[in-house]
Each structure stands twice: as C-alpha cells, then as structure tokens.
Amino acid sequence: MLTPTELRAAVERRLDEAGRAWLARALTEAANTGPQADDPGSDSGSTSGPGPGSSPASGPARWELDFASAGRHVRSTRPAAGDPTPHDLPDAARILLLHAADADAPTAARLYAQGTAAERRAVLLALPHLRLDAADAVPLVEDGLRTNDTRLVAAAVGPYAARHLSPPSWRQAVLKCLFTGVPLTAVAEWERRARGDAELGRMLTDYARERTAAGRPVPADLDRVLALTSQTAATSQTAATSQTAATSQTAATSPTAAPPPTAATSPTATTAPTRALTREES
C-alpha cells in the first residue's frame with residue numbers, strides 16, 4: 001500500500017497541468033479546513049450505521065464539494081500500464097482529500113452515506129490512511145460487503161477490514177469475494193487471517209460441496225484459502241524445518257566420485273615387480 005505522499009506523486013505524474021493545479025488547490029483547502037462538525041440536530045455522525053446523514057449546518061466545506069467533483073478534474077494524460085497508482089485517478093484524488101482533511105469517523109460516515117458508488121468506494125479505500133479509533137468505520141465496511149457491486153466489495157476488504165473485522169464478519173467477507181468473483185488478491189492479509197482458521201475451512205468445504213452438487217465450478221481461489229485453514233504457525237515452521245533437514249541429509253549422503261588410483265595403489269605397479277622376481281629365480 002502506497003503512503004499518501006507516494007500516492008500523490010504517482011497521481012501527479014498522470015495529470016496534466018490543469019489537473020495538478022486543481023489537486024494542489026483542493027488538498028490545500030482540505031488541510032486548512034479539516035473535518036466539520038455535523039448539524040447538532042442530526043444523528044448523522046453516529047457510526048452505528050451509514051444512515052441517510054446530513055451535511056453540517058453551515059453546508060459542506062469546499063473540500064467536500066471537491067471530493068464529489070473529483071472525477072471531472074483529474075483526468076489521465078498518460079496510459080496507466082505499469083503505473084504504480086493502485087486506484088483510478090478519481091479514487092486516488094478522493095483518498096488524498098480525505099487524508100489531507102484528516103477526516104474523522106462522522107465525516108467519513110456522512111460522505112459515504114451521501115455519496116455515489118464511486119465516492120463510497122473512495123471512502124472505503126481511504127480508511128487505512130485515516131486516524132480513526134479502532135473499529136470506528138466497521139459499519140461502513142459491513143455495508144460495502146452487503147452490496148453486489150464488486151468494486152465496493154473489493155474496496156471493503158482492504159487493510160482496515162483485515163485489522164478490525166471480527167472473525168465471523170471476515171469469514172463472510174471471504175465467502176462474499178469467492179461468490180462474487182472478487183479476486184483473492186483484493187483481500188488484505190488473507191494468508192495471516194486464514195491460517196489455522198478451522199471454522200473458515202468448514203465453511204469453504206460446505207460451499208465447495210454446494211457448488212459441486214449444483215453442477216457449478218468451484219472458484220480457483222477457494223483451494224488456496226482452504227489449504228491455509230489447516231495450517232498453524234507451528235506446522236508451517238515444522239514443514240520448513242523438515243524440508244531444510246531433508247535437503248541437508250541429501251547433500252550429506254550424495255555419492256562422491258572415487259579418487260583416481262595412485263602409483264602406490266595401482267594393480268599394475270604392485271604385480272609387475274613380482275613377476276620379474278619370479279623369472280630370475282627360475
């Protein structure tokens with residue numbers, strides 16, 4: 001995952017002069033303004049769920065308007081092939097705006113609730129970069145996982161979800177990815193969380209049986225996750241140690257070439273004088 005500084009540099013390399021100027025102005029505005037308090041008469045700041053939400057009493061800040069309009073201002077002038085930017089340019093610009101504004105949980109929840117699918121995706125992608133208390137934004141992640149928009153689902157299973165989703169919720173997230181075709185590479189830290197998770201292994205086995213019984217293909221990623229559910233850190237270390245020992249044993253027992261015979265050990269050298277002595281004595 002790129003840091004905000006690295007992400008900004010990667011984005012700016014793909015923007016024209018007008019786009020870079022817009023981004024610099026918007027980020028400065030966001031840093032100077034920061035998050036706004038919600039309307040006291042509204043419960044939109046609650047993180048118990050996204051809800052409809054409402055803007056602050058004074059209206060949305062300029063940077064929040066920039067957040068909504070980012071897609072009209074950041075346009076790539078260069079092909080994305082090989083570029084390190086891991087997101088679409090509007091996604092990346094919105095992530096940078098949320099980070100620059102130091103958006104808190106109520107602000108993230110409000111922008112998510114009021115946003116389009118693209119804006120919601122950006123909020124989810126920005127969560128690892130925000131200074132949130134533990135599990136503050138879990139309701140947003142869970143809401144993203146309930147959708148059938150695969151780009152929202154992929155954004156929801158990032159590093160924030162890896163750190164803060166409960167085991168039952170994370171297992172359901174993995175199944176959702178397999179069911180909707182979201183690649184396993186989108187699930188942050190899946191190896192760490194899947195290793196030794198017997199309950200996840202049971203759920204995956206049941207899912208594979210259901211797919212097979214219905215005559216449907218089993219997702220290729222399923223076997224990769226299932227293989228890890230039966231492992232623990234101890235068994236992984238044991239397997240690595242056994243492999244190292246086997247390699248060392250093979251090297252130690254490998255046959256080596258016999259040294260060439262020397263004059264002292266050559267059969268010809270030892271028998272020739274004996275035959276000569278026999279002729280003299282006869």
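The values are calculated or read from the model by the stated rules, or taken from the named source; none is laboratory data. Worth saying up front: this structure is predicted, and the values here are computed from it rather than measured. Because the Cβ atoms are built from the backbone with ideal geometry, glycine has one as well, and the counts that use them run over all protein chains shown. Side chains included, ligands, DNA and RNA excluded: accessible areas come from the protein's heavy atoms. Shrake-Rupley method; radii C 1.70, N 1.55, O 1.52, S 1.80 Å.
Selection over segment 208-233 of residues that are outside any loop (DSSP other than H, G, I, E, B) and more than 19 Å from Glu191 (Cα to Cα) gives a count of 6.
Restricting attention to segment 187-207, the residues that are in a loop (DSSP other than H, G, I, E, B) and of a type outside the set (Gly, Ala, Ser) add up to 4. Any residue at all in segment 75-89 that is part of a helix (DSSP H, G or I) and modelled with pLDDT of 90 or more? Checking segment 75-89: at least one residue is part of a helix (DSSP H, G or I) and modelled with pLDDT of 90 or more.
Considering the conditions (1) modelled with pLDDT of 95 or more; (2) assigned to a helix (DSSP H, G or I); (3) aliphatic (A, V, I, L, M), Ala240 is excluded by exactly one of them, (1). Pairing each residue of segment 111-136 that is closer than 20 Å to Pro60 by Cα with any residue that is buried (at least 19 other Cβ atoms within 10 Å of the Cβ) and polar (S, T, N, Q), provided the two are 6+ apart or on different chains, yields C-beta distances under 8 Å for Ala113/Ser44.
Out of segment 139-152, which residues are out of contact with any Pro (no Cβ under 7 Å at 6 or more places or on another chain) and closer than 16 Å to Ala113 by Cα? Scanning segment 139-152 gives Val141, Glu142, Gly144, Leu145, Arg146, Thr147, Asp149, Leu152. Please specify each residue of segment 168-186 satisfying the condition of being assigned to a helix (DSSP H, G or I) and small (Gly, Ala, Ser). Result: Ser169, Ala173, Ala186. Among the residues of segment 109-159, write down those that are open to solvent by 50 Å² or more (accessible area, probe 1.4 Å), among the β-branched types (Val, Ile, Thr) and not in a helix (DSSP H, G or I). Once the filter is applied, which keeps residues that are open to solvent by 50 Å² or more (accessible area, probe 1.4 Å), among the β-branched types (Val, Ile, Thr) and not in a helix (DSSP H, G or I), segment 109-159 yields only Thr116.
Residues of segment 8-20 being part of a helix (DSSP H, G or I) and either open to solvent by 60 Å² or more (accessible area, probe 1.4 Å) or touching a Ser or Thr at 6+ places or on another chain (Cβ under 7 Å) (or both), which ones? Matches in segment 8-20: Arg8, Ala10, Val11, Glu17, Ala18, Arg20.
Among the conditions (1) over 19 Å from Leu132 (Cβ atoms); (2) open to solvent by less than 30 Å² (accessible area, probe 1.4 Å), the only one that Thr180 does not satisfy is (2).
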